[in-house]
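Here's the structure we're looking at; comments come further down.
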Amino acid sequence: MEDLPTEAARRHAIAWATSLVAGTPLAPQPYEAELLERYARGELTLNQVLAHLDVRVHHVLYRSRAVHPFSEAQLLDLLEQSRAYNEQHDLTGLLCYSRDGHFVQVLEGEAAAVHAVFARIQRDGRHQQVKVLSDAAGPARMFGDWRMAFARVEAAEFHWLIGYLEAHRRHLVLPQVPINDPHLGTLLAAFGAL
């Protein structure tokens, strides 16, 4: 595939192509739009854009509340099952649990695998009030070394985290509060870049 010679020609082609798919599931997601913008500026060739799209990773970040607080044994069982499933389906991520029974989790991998496990999670009767905070593609895994990392946090820290993630999603700014858990630090850094 041959690249167009000028930025104006590339922008025209992108505008034409995106107008064809506007309002459909094929419309560019933020990561895809970023790649198209880099192509328009001449930073990437069309083949490089396609290569980036071939290796993109999908993630879902959600929060929920346990119907009944989990015991230590239940948490360990959940983590063991999650890690085994994630290993089989090439998923990675992070599960945070607050002592008052709230969860926040990020799952990442191939889009179909992420959506399949998230559909199972939504049907799981052990929790309720499932709310998606982010569902998008990105250039790389944020938690690639963790089949399912785990962080147990105090309720106040957890609710600050949820407030931060919700505010970030709405492009609001919250003052920085020190987060001591390294897993939560990674989560904040990863989603702060989106």
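Any residue in the range 92-106 that is assigned by TED's automatic domain parsing to the domain that holds Ala155 and at pLDDT 95 or above? No; the residues of the range 92-106 include none that is assigned by TED's automatic domain parsing to the domain that holds Ala155 and at pLDDT 95 or above. Condition first: within 19 Å of the chain's Cα centre (by Cα) and modelled with pLDDT of 80 or more. Can you find one or more residues in the range 151-174 that meet it? Yes, the range 151-174 contains a residue that is within 19 Å of the chain's Cα centre (by Cα) and modelled with pLDDT of 80 or more.
Scanning the range 110-152 for residues that are farther than 20 Å from Gln81 by Cβ, in contact with a Lys or Arg (Cβ under 9 Å, 6 or more places away or on another chain) and not charged (D, E, K, R) returns Ala111, Gln129, Val132, Leu133, Ser134, Ala137, Gly138, Pro139, Ala140. Applying the criterion of being in contact (Cβ under 8 Å) with a residue 40 or more places away in the chain and surrounded by fewer than 21 Cβ atoms within 10 Å (Cβ to Cβ) to the residues of the range 80-94, the residue that is farthest from Phe150 (Cα to Cα) is Glu87. Gly101 satisfies every condition listed in (1) in contact (Cβ under 8 Å) with a residue 24 or more places away in the chain; (2) in contact with a Gly (Cβ under 7 Å, 6 or more places away or on another chain) except (2). Scanning the range 32-67 for residues that are out of contact with any His (no Cβ under 8 Å at 6 or more places or on another chain) and among the basic types (Lys, Arg), we see that the one that is surrounded by the most Cβ atoms within 10 Å (Cβ to Cβ) is Arg56. Selection of the range 111-147 for residues being outside any helix (DSSP H, G or I), more than 14 Å from the chain's Cα centre (by Cα) and aliphatic (A, V, I, L, M) yields only Val130. Beta carbons closer than 9 Å, at least 6 apart along the sequence or on distinct chains, pair a first residue in the range 154-172 that is among the aromatic types (Phe, Trp, Tyr) with a second that is at pLDDT 65 or above and part of a loop (DSSP other than H, G, I, E, B) for Phe158/Arg99; Phe158/Asp100. In the condition set (1) outside any loop (DSSP other than H, G, I, E, B); (2) buried (at least 17 other Cβ atoms within 10 Å of the Cβ), Phe70 is compliant with all but (1).
The values are calculated or read from the model by the stated rules, or taken from the named source; none is laboratory data. Because the structure is a prediction, the values reported are computed rather than measured. Glycine gets a Cβ as well: all are built from the backbone with ideal geometry, and neighbour counts include every protein chain shown.
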